[in-house]
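**Student:** One structure, pasted below without further comment.
Quick note: the coordinates plus some simple rules give every number you see, no bench work behind them. Values in this document were obtained by computation on a predicted structure and should not be read as measured data. Here the Cβ positions follow ideal geometry from the backbone for every residue, glycine too, while neighbour counts run over all protein chains shown.
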């Protein structure tokens, strides 16, 4: 089967596709809501082995509520550029800070799932002048997650095994892309709650994820996020990054978690108050993909948070 063209992720819908040059690369983004720098900007960041489309319901709903809402393909994903380097926390945070400015805004509220949520935390800490607030889905603070992996046997078993498998060159890429991208669907199956599995919405999400992971270079670039996260633990750049992330986040924080998430356990989120002492925690009866498994409930929580912190 031929490899999908990157333009295959430019789905038609009640949104506008953009190409934004930021931090030395081109980022593909999708916009809904007012096309105006006067409207509050909300940036949606997807997780591992995914792309902007996972936020499709929130993109439309937040745009209809008056927010200029932009879902972006992170560096290396979808139809964004796929450079050979830059999958470290410093550069990824720089991408989003530069994206905010390239869109004509001084600040934005960042909302991210999983790896995208970790980028939210990093951007808020490393570029605080560009971030008005952050909301994360299934994404504890990076240092809280690190502590949990080191000190909690259950969290270590759930998280470290997949992270270690992702270090295997070429083998990990084939695991994701072989059999028409079935590895991307396996991630959804393994980490989602049972109520979502088997339904038409799951089937649609899985089909799109399978196609997107097969775009040339995406599997490798996505895995580079996890390879840097692991290898940097033993290198000076990782120590510098952890030191930079050690302060308190000064903007409002919302964390949305899934009671049935087998990948990031509920106990791990208790550690996050060290870096975000006034965060709001919302727990939903779903798995790892709350924004897709419970889109209405997730959107309601996000809108409540955005409205409460609207300037």
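**Student:** Hey, what D do you get for segment 75-141 in µm²/s if you plug the Kirkwood alpha-carbon radius into Stokes-Einstein at 4 °C and 1.567 mPa s?
**Tutor:** For these conditions, the coefficient is 108 µm²/s.
**Student:** Kindly give Rg over Rh for segment 85-197, based on alpha-carbon atoms, with the Kirkwood expression for the hydrodynamic radius.
**Tutor:** Across segment 85-197, the Cα-based Rg/Rh ratio is 1.02.
**Student:** With no solvent and one equal point scatterer placed on each C-alpha of segment 220-307, evaluate the Debye formula and give log10 I(q)/I(0) for q = 0.10 Å⁻¹, two decimals.
**Tutor:** Log10 of I(q)/I(0), two decimals: -0.36.
**Student:** A further question follows. What is the Cα centroid distance between segment 177-255 and segment 275-311, reported in whole angstrom?
**Tutor:** Each part reduced to its Cα centre gives a spacing of 19 Å.
**Student:** Under a plain spin-label model, where a point goes 7 Å from the Cα along Cα-to-Cβ, how far apart in nm are residue 21 and residue 204?
**Tutor:** It is 3.6 nm.
**Student:** As a test of the definition: which semi-axes, in Å, follow for segment 132-288 when you take the square root of five times each eigenvalue of its alpha carbon gyration tensor? Largest first, please.
**Tutor:** 27, 21, 14
**Student:** Do the sum for the chain: with -39,500 (n - 2.57) for every DSSP H run of n ≥ 4, divided by all residues, what is the mean residue ellipticity at 222 nm, to the nearest 500 deg cm²/dmol?
**Tutor:** Helices in the chain give a 222 nm mean residue ellipticity of -13500 deg cm²/dmol.
**Student:** Under 8 Å for C-alpha pairs, at least 6 residues apart: give me the relative contact order for segment 106-240, rounded to a whole percent.
**Tutor:** Relative CO of segment 106-240 lands at 18 percent.
**Student:** Would you mind calculating the gained length between residue 90 and residue 267 on full extension (0.36 nm times residue separation, minus the Cα-Cα distance), in nm to one decimal?
**Tutor:** Between residue 90 and residue 267, full extension yields an extra 61.0 nm.
**Student:** Relative contact order for the chain: what is it in percent, counting Cα pairs under 8 Å that are at least 6 residues apart?
**Tutor:** 20 percent
**Student:** Another question about this same structure. Using a 7 Å offset from Cα along Cα-Cβ at residue 243, what residues in segment 82-107 end up with backbone N under 16 Å from the label point?
**Tutor:** Residues 90 qualify, since their backbone N sits under 16 Å from the label point.
**Student:** A further question on this structure: Give me the Kirkwood hydrodynamic radius of the chain in Å, from all C-alpha pairs, to one decimal place?
**Tutor:** 19.1 Å
**Student:** Continuing with the same structure: Measure of size requested: the Rg and Dmax of segment 180-256, with Cα atoms as the atom set and Å as the unit; please supply both.
**Tutor:** 17.4, 47
**Student:** Still on this structure, I have one more. Report the calculated FRET efficiency for residue 189 and residue 38 (r = Cβ-Cβ distance, R0 = 45 Å), to the nearest 0.05.
**Tutor:** 0.55
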